[in-house]
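Starting off with a structure, shown below.
Coordinate-derived values only; no laboratory data. Because the structure is predicted, anything quoted here is derived from the model rather than measured. All Cβ positions, glycine included, derive from the backbone under ideal geometry; neighbour counts span all protein chains shown.
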Amino acid sequence: MIISPPDHIKRLPLLNRSVSSLKGIGTRRAVSLSRRGIHTLLDLLYMIPSRYEDRTRILTIAESTDGEQALIRGGVIRAGEERFHKTGKRLFRIVVQDRTGRMELLWFNYKKPALSSFARKGVDLLAYGRVQERQQRRQMIHPDVSLVTGPPGAEAGLGYRPLYPALEGITWKVLRNAIMEAMDRCLGVMEEGIPPEVTGDLRLPSVAEAIRSLHDPPGDASIEELNGSRTPWHRRLVFDRFFEVMLNIAFRKRHRQGRQGHVFSISPDLMVRIEGFFPFSFTPGQKRALEEIFKDFQKGRPMNRLLQGDVGCGKTVVAAAAASAAIQNGWQVALMVPTHVLAEQHYRFFLEQDRAMGFRPALLKGGLRRSERMELYEAVSRGSYNVIIGTQALIQEGLSFSKLGLVVIDEQHRFGVRQRALLDRKGVNPHLLVMTATPIPRTLAMTVYGDLDISVIREYPEGRVPVATRIMDRSRKREVYEIIKERMRAGQQAMVICPVVESTEDADIKNAVEMYAALEKLYGAAFRVGLVHGRLDPGEKERVMRAFRNGEIDLLVGTTVVEVGVHAPKATVMVIEHPERFGLSQLHQLRGRVGRGEDQGLCILMRPERLSPEAEERLEIIVRSSDGFEIAEKDLALRGHGQLMGVRQSGAGELDLTEMLREPELLMSAKRKAEEIVESDPELKLPGNRTLRRIIASIPAGTSDF
């Protein structure tokens, strides 16, 4: 898991040294780390292990269980390279034995010189891997092995082994040594960003202790808590992010009180007139949300409203209606979205609306020549455009508005304060409408969006059919492939989602790169197959997603990057590998990418061979329910089960839904602590609050309102 270090800690020079200064990390390996956003020693320390292996206890071969990971010790009785008679393919087999039985260690992809050092009869090996029973023989496929020289009971290196994302050209051992060196250098000088009086009664460890224990867990740690991200050390880093955001929200809420807003004139028949511009009737939820927005427009203070609704519930239509009301009052509207692809989609949507709605949209996108950008800036400042759509380019210093009256921010799954505060300052107390496509329990929504009023849309537009969801065992993958082929033959599109980009330490996890290669080989002769994931160059990623949206790709293989994805009406089937690796709300968001046109969507969850009862229960919830709010409540009740693989970054001003659902009490505590501080010292003038002022100051300029 890679998270952004708090900005107030980054200011220490030692922590900002390049990772290339570490032993074993030269220029080439530093480049590999930089692709994951890891540039400094501090970045490396915040690359938290994605999971842990329990290597604290050596089992006898007889004690090892089929399907479970195990650490065994045995003496080599036979070893060497072999060939399959029919195919001629090679494998390397080492047979070890202890007093209780034998175990076969098998490799199909290997370097012979590396294994030859273990293939000496009579030497003792430690082997860790998943045990499989085949024809009454115990085997491990591609285990991790090491030589043992001491007597039984004196083996070195036992403990919890942290595992990290795969990094090109960097072995686990090299990475491990680099992290240990970085800890030795940095943890002694790392400052506490949050005063002890804030964290004291929560019994949370120091940041330095949290980082050390996450990379090198003590022997009395719980493997269940480690892999469920529920240790005190995980909770400390999560609390830091919660507290930073809550402190900013508390300031925003306090300093907004008493501000004067623009009063818009809203005629009694405005709802009916705007609804007449669309070829469908508004749902009750859309009407209710618009009524609340129109009332806000007339109150004389800036609207600060969250529009919360499921994928496909019609939030964009509500935003367009609100924008039309602002424009009819002579004001401009700014619409900020997370990606360039979504910006283009919204731009086309506003272009296609009835001229009577008054829209003159402009698209501010990356890649513009300086002359083009300055020309667009000038037109916006003159008022030639009244709906300006873009990504974070909208908050650049060079852009000024003629008369900004409404800001609409489509945050999708991000829960932040930074962007909406910076864009808010582009006008004089403009009205603010924030939209999120991720339904979250109301109690959490009121916490995360503590400075906003909340409107909720629960209904789908008439005629929208919920996506059908099925669980299928891996033994039926041929049937699944045939379903995909039939859909593509019918002119429809398909998606296959994997939890990771490339292979990890767990060889059983399907990854996007290898899946793409396999499906390209299977379908490539007749269909167009594409690959998208977060490590692609942003331009390439957007090109692929745009091609899929335009129907130029029939089958898209990817990771969760498609969760904030494209509107592709012809996409009707999605296959999700290892669904147990995702949160319930994320599974629901992913399947919302298909079935957005006239044909019903189908989401297939590929169940692995072995699944815990808790994971089975979670998947059944997704099959039974299509209500995102109900699913979010279930996710909250079952928090701690499942992880988001391919995790997105969480930094200052952002929160991660998974963490919120896993630690709601911690989130509430952060909110309470922040509000107590702001209430007792509104400007943080007291000497003891200087550290907290640094937290506020560390968020980019303009984010706080004082």
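Determine the percent antiparallel among the DSSP beta bridges restricted to the chain, to the nearest 5. Walk me through the intermediate numbers first.
Working: 39 of 96 bridges.
The antiparallel fraction comes to roughly 40 percent.
Right, another one. Sort Ser116, Ser455 so that the residue with the fewest other Cβ atoms within 10 Å of its own Cβ comes first and the one with the most comes last.
Details: Ser116 13, Ser455 23.
By the 10 Å Cβ count, ascending: Ser116, Ser455.
If you average the sequence gap of Cα pairs under 8 Å that are 6 or more apart and divide by the length of the chain, what percent do you get for the contact order?
Computed value for the chain: 14 percent relative contact order.
At Arg259 and Arg370, where each label point lies 7 Å from the Cα along Cα→Cβ, what is the point-to-point distance in nanometres?
According to this spin-label approximation, the distance is 3.4 nm.
To continue, here is another question. Note down the nm distance, to one decimal, between modelled labels 7 Å out along Cα→Cβ at Lys299 and at Glu133.
6.6
Give the dimensionless ratio obtained when the Cα radius of gyration of the stretch 57-157 is divided by 2.2 N^0.38 Å. If you can, show how the numbers build up before the last one.
Working: Rg = 13.2 Å, N = 101, 2.2 N^0.38 = 12.7 Å.
Rounded to two decimals, the normalised Rg is 1.04.
Place a +1 charge on the Cβ of each Lys and Arg in the stretch 57-157 and a -1 charge on the Cβ of each Asp and Glu, then give the dipole magnitude about the Cα centre in debye, rounded to the nearest 20.
So the magnitude is around 540 debye.
Next question, about the same structure. Once R0 is set to 51 Å, what does the formula 1/(1 + (r/R0)^6) return for the Cβ-Cβ distance between Ser21 and Tyr377, expressed as a FRET efficiency to the nearest 0.05?
Working: r = 41 Å, r/R0 = 0.81.
Working from the Cβ atoms, E equals 0.80.
Using a 10 Å cut-off around each Cβ, can you sort Trp172, Trp331 from fewest to most neighbouring Cβ atoms? If you can, show how the numbers build up before the last one.
Values: Trp172 15, Trp331 22.
Ordered by Cβ neighbours within 10 Å, fewest first: Trp172, Trp331.
At 1.306 mPa s and 10 °C, plugging the Kirkwood radius over alpha-carbon pairs of the chain into Stokes-Einstein gives what diffusion coefficient in µm²/s? Could you put the intermediate results ahead of the total?
Numbers: Rh = 27.8 Å.
Estimated diffusion coefficient is 57 µm²/s.
So, one more: Which order do the peptides 266-276, 481-491 take when ranked by the mean count of other beta-carbon atoms within 10 Å per residue, highest first? Please report the intermediate quantities before stating the final value.
Values: 266-276: 13.8, 481-491: 15.6.
Packing proxy ranking, top to bottom: 481-491, 266-276.
Please sort by residue number the trypsin sites (Lys or Arg not before Pro) in the stretch 77-118 whose DSSP state is loop and whose Cβ has at most 15 other Cβ atoms within 10 Å.
Values: sites: Arg78, Arg83, Lys86, Lys89, Arg90, Arg93, Arg99, Arg102, Lys111; in loops: Lys86, Lys89, Arg99, Lys111.
When the trypsin sites (Lys or Arg not before Pro) of the stretch 77-118 are filtered for loop state and at most 15 Cβ neighbours within 10 Å, Lys86, Lys89, Arg99, Lys111 remain.
Can you work out the FRET efficiency for the pair Asp681 and His39, with r the C-beta to C-beta distance and R0 = 41 Å, to the nearest 0.05?
It comes out at approximately 0.70.
Does the stretch 156-200 classify as rounded, prolate or oblate by the C-alpha gyration tensor (a ≥ b ≥ c root eigenvalues; a/c under 1.5 gives rounded; else a/b over b/c gives prolate, otherwise oblate)? Provide the component values of the computation, followed by the final result.
Details: a/c = 2.38, a/b = 2.10, b/c = 1.14.
Taking the square roots of the gyration eigenvalues as a ≥ b ≥ c, the stretch 156-200 is prolate.
Also, quick follow-up: Given a cut-off of under 8 Å on Cα pairs at least six residues apart, what relative contact order in percent is computed for the stretch 264-457? All intermediate terms of the calculation are to be shown ahead of the outcome.
On the way: 323 pairs, mean separation 59.4, N = 194.
Worked out over the stretch 264-457, it gives 31 percent.
From a point 7 Å beyond the Cα of Arg273 in the direction of its Cβ, which residues of the stretch 329-350 have a backbone N at a distance under 19 Å?
Residues 329-333 fall inside that zone.
How long is the gain from Glu82 to Arg535 if the chain were fully straight, where each residue apart is worth 0.36 nm and the alpha carbon distance is subtracted? List each step's numbers first, then the result.
Details: separation 453, 0.36 × 453 = 163.08 nm, distance 3.79 nm.
Fully extending the segment from Glu82 to Arg535 adds 159.3 nm.
Quick one: net charge around Ser281, please, counting Lys, Arg +1 and Asp, Glu -1 for every other residue with C-beta under 12 Å from its C-beta.
Working: positive: Lys287; negative: Glu275, Glu459, Glu462.
Value of the local net charge: -2.
With a 10 Å radius around each residue's Cβ, average the other Cβ atoms per peptide and rank 617-629, 135-147, 572-584, highest first.
Values: 617-629: 17.5, 135-147: 15.2, 572-584: 24.2.
Averaged packing, sorted descending, gives the order 572-584, 617-629, 135-147.
Taking the highest mean first, how do the peptides 208-219, 315-326 order by number of other beta carbon atoms within 10 angstrom per residue?
Numbers: 208-219: 17.9, 315-326: 24.3.
The densest-packed peptide leads the list: 315-326, 208-219.
So what are the three principal axis dimensions of the stretch 169-304 from its Cα atoms, in whole Å, longest to shortest?
On the principal axes, the stretch 169-304 reaches 69, 38, 29 Å in Cα extent.
Please report Rg over Rh for the stretch 316-413, where both radii come from the alpha carbon positions and Rh follows the Kirkwood definition. Walk me through the intermediate numbers first.
Numbers: Rg = 12.4 Å, Rh = 13.3 Å.
Reported Rg/Rh (Cα atoms, Kirkwood Rh): 0.93.
Could you pull out the GluC sites (Glu not before Pro) across the stretch 17-101 that fall in loop regions by DSSP (anything but H, G, I, E, B) with no more than 16 other Cβ atoms inside 10 Å?
Glu63, Glu68
Quick one: give the max-minus-min coordinate of the C-alpha atoms of the stretch 264-457 along each principal axis, largest first, in Å.
46, 36, 32
Taking every eigenvalue of the Cα gyration tensor of the stretch 468-625, multiplying by 5 and rooting it, what semi-axes result, largest first, whole Å? Write out the running numbers ahead of the final one.
Values: eigenvalues 100, 63, 49 Å².
For the stretch 468-625, the semi-axes come out at 22, 18, 16 Å.
May I ask which of Lys295/Lys671; Lys485/Lys634; Lys299/Lys426 have a Cα-Cα span longer than 25 Å here? Walk me through the numbers before you get to the answer.
Values: Lys295/Lys671 28 Å; Lys485/Lys634 34 Å; Lys299/Lys426 21 Å.
From Lys295/Lys671; Lys485/Lys634; Lys299/Lys426, over 25 Å: Lys295/Lys671; Lys485/Lys634.
Over the stretch 57-157, what is the relative contact order in whole percent, taking alpha-carbon pairs under 8 Å and six or more residues apart? Let's see the in-between values first.
Details: 214 pairs, mean separation 28.5, N = 101.
Taking the mean separation of contacting Cα pairs over the length of the stretch 57-157, I get 28 percent.
Which GluC sites (Glu not before Pro) does the stretch 319-404 hold that lie in a coil by DSSP with at most 16 other beta carbons within 10 Å? If you can, show how the numbers build up before the last one.
On the way: sites: Glu344, Glu352, Glu372, Glu375, Glu378, Glu397; in loops: Glu352, Glu397.
Those satisfying the criteria are Glu352, Glu397.
Still on this structure, please answer the following. Using the Cα centre as the reference, give the magnitude of the dipole from point charges on the C-beta atoms of the chain (Lys, Arg: +1; Asp, Glu: -1; all else neutral), rounded to the nearest 20 debye. The partial results should precede the final answer.
Details: 104 positive and 89 negative charges, 347 e Å.
Here the chain has a charge dipole of around 1660 debye.
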